[in-house]
1. Express as a percent, rounded to the nearest 5, the fraction of DSSP beta bridges in segment 44-279 (both residues included) that run antiparallel.
2. How large is Rg/Rh for segment 65-105, to two decimals, with Cα atoms and a Kirkwood Rh?
3. Which value, in Å to one decimal place, does the Kirkwood hydrodynamic radius take for segment 379-472 when every pair of different Cα atoms is included?
4. Before rounding to the nearest 500, sum -39500 (n - 2.57) across all DSSP H runs of length at least 4 in the chain and divide by the residue total; then give [θ] at 222 nm in deg cm²/dmol.
5. Among 120, 526, rank each residue by its count of other Cβ atoms within 10 Å, from fewest to most, as a rough exposure measure.
6. Give the angle, between 0 and 90 degrees and rounded to the nearest 10, that separates the Cα long axis of helix 429-439 from the longest principal axis of the Cα atoms of the chain.
7. Please give the Cα centre distance for segment 35-52 versus segment 378-409, rounded to the nearest Å.
8. What per residue convex hull volume, in Å³, do the alpha-carbon atoms of segment 323-382 yield?
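Nothing in this text is a laboratory measurement; each read-out follows from the coordinates by a stated rule. Owing to the predicted nature of the structure, the values given are computational and were not obtained by experimental measurement. Quick reminder, even Gly has a Cβ in these numbers, built from the backbone with ideal geometry, and neighbours come from all protein chains shown.
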Amino acid sequence: MVNKKKSLFWDSLKLIILALCLASCEKDKNDMEVQLVDLVYPQLDTENSRWFFFSSANRPFGMVNLSPDTEINGAWGSGYRYKVDTIKGFSHIHAWQMSGLSVMPIKTTTERDSTIFTDFYSSFDHNEEIISPGYHYLELERYGITAELTSTKRVGFHKYTYAKGTKSRSVLLNLNTVLGPNENIDGTLQKDSNMELSGSFVMTPTRRRPKPLTTYFKIKFNTPIATIEQDEQTNNYMVVLNDTEDPVLMKVGISYTSINNAETNIITELPHWDFSKTVNESKLEWNTMLSRIQIEGGSDQDQRRFYTDLWHALQGRRIISDVNGAYPDNTGKEFRIGQLPLNEQGSPKFNHYNSDSFWGAQWTINTLWGLVYPDIMHEFSQSLMQYYKDGGLVPRGPSGGNYTNVMTGASSTPFIVSAIQKGIVNEQLDTIYSALKKNHMLGGIMGKAGYEHDTDIGGGLKYYLEKGYVPWPLPEGKFGIHLDGSGQTLEYAYQDFTLAQLAKKIGREEDRQYFENRSKNYKNVFNSASGWMQARNVEGEWSKDFDPYVYENGFVESNAAQSTWFVPHDMDGLSALMGGKDTAVDKLNAQFKKAEELNFTSGNSHESELHPEYRRIPVNLGNQPSIQTPFVFNKLGRPDLTQYWTRKVVEKAFSGLAPNTGYNGDEDQGLMGSLNVLYKIGLFQMNGGTEENPEYQIGSPIFNKISIKLHPGYYQGETFIIQAKDNNASNIYSDIPVFNGAELPNYNIRHSDIVKGGELILNMKNSAN
């Protein structure tokens, strides 16, 4: 039980959050009915997390992602790492290539010296920790301080309860330090009033985010400030507060445009000092988002893991615009403050975002957001187009208001095209088409390799246009990373297909034919002699001593065996190259049987993919290049194998609920969480929902009933229901699906039918149809 000192808030919630921390803890029968948010387990996979992975005291896509840091140096292996028992600060920004504003409550003595600025870490105990979406509680053992964290979208809210009689209650502001992927430098602090501070610091550039970014902040306390001390060595600050027996409350608003806007964010989003109210509001916001999908059946762990996956699908990518629509534009030669368009009420029409790559999003958030969160997909599409208006290119992963050129290709094209084909985006289609087309031509983002900022050579686009493939190695040498020609070729071909669909929609027939012809370029890297996609050099020669299980060597974050199936837009064409659908089915089925020996992933984290034991796996469902492969069977006429293998994958790779397991690979800002959700509800889109009236493939849901609330602002139906009758761990196969009384013999269903609402019936059994 939680004792009284842990905040009266928890009495009002009747302690239900304890179930989030201890999987073995049973819920008291007298507790209130569990809400979906109470099923989320934020510590999932936190032994393997990186800087932006973990979230606790945040709102969906919030600018502020306030949480404790146990490791602070490096984009990988930093942030909240479960096995490290030392708190090094509470920082407000955990985003793709961004970090900042680390604070630490401490107690000091009159005899203190400057060592407190370098020796202030504190141990803590997971057994005395409570984590829920929107809230984090822990105890700093060194100081006898209980720390509670929550937030609004743009404001961090802290509550520090000191032991009775504590003098010199203080807060360290570590404005000049290393956090995650970058340093914080040039940190300054000024006292605005007896209870208010403001300041700024600069995030240094990274290899991926090539320009600095200034962060502004405003801090308000509920108790007067006694003194402020600055350390000459670290240039960090200690704020000593007047003695008080009440808990110390601290609001921290941030902005990437000005101190005034940081304060405006506080005034607008957090005008009161009611900590419990803010926690409850955060809980309600998360619960509202999660409740768009409601499930019945499965085990308690299945349900908890499902809502943790769905919670992850709404994580990682972060708002960068202020409440009034001001935002940092770093796309040009000079930094500028941009202004989002306002509606009739004077509010921004959408938020502007920081985002990791959309690489692989065609099989994850394209489908999940497009069906369940069309409002989010709409907003992100508008944000991507704002970058185009500012900087001339649609980004594939912006950070700090700037292009990062993360990964390869034009990965935003399928995302935006999918939004258009689903009717989510329906204005200025000609402008959008022109913007996307620019990325697919010379001088566009497709010509840039990973993190290639000043040239557009590494993408090998000129060879793709001249020869129909990108050579490996690239004759010009290294420009950026991920210069893996055959993998790039496959990606470009698929993305060209998606752009052709938009050209068709708006009546650009000549362009449609041009890009559809380019979409066949995947055939140029299929070696019929070896039976695999294979790298070839600029002279057209196939790579020597070819081994389909060697990692990379012409394939982006994958091997040839995994990437051979990266033809989501033309499975008929691919199977024909292999000798027919039966041959293709046998080939892929053999790969799955072999991959099962390693639980379908390359180890338990992204970094394990290079390990000799895992890098030769024929299917890796822990990284994006082959996560669609279980549904390839469906497109080849074998839905039974899709049903069989998706169930196996979920069971072996994506059912754990512990700090040392979870995604077994690269959870890129909700992509793997989204994938898990789709596998578990039995819906998938092979080509990312980019064709006219997009098609969903039907798999094998693990729950008896799934109810999806359709957004009334975008879809005419109210609810889409999936009923999996007689569903259990043995009955994994479905008879021919029936939707609203009509059979679906091809095991697929159209978007236009789903969004009208209705019921999809799957009669589950233990043998294949």
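1. Roughly 100 percent of the DSSP beta bridges within segment 44-279 come out antiparallel.
2. On the way: Rg = 9.4 Å, Rh = 10.2 Å.
Over the Cα atoms of segment 65-105, Rg/Rh equals 0.92.
3. On the way: mean 1/r = 0.0735 Å⁻¹.
Radius from the Kirkwood sum: 13.6 Å.
4. Working: 19 runs with 195 residues, N = 769.
Helix-only estimate at 222 nm: -7500 deg cm²/dmol.
5. Listed from fewest to most nearby Cβ atoms, that is 526, 120.
6. Between helix and principal axis, roughly 90 degrees.
7. The two parts, judged by their Cα centres, are 28 Å apart.
8. Values: hull volume 5.8 nm³, N = 60.
Per residue, the Cα convex hull of segment 323-382 comes to 97 Å³.
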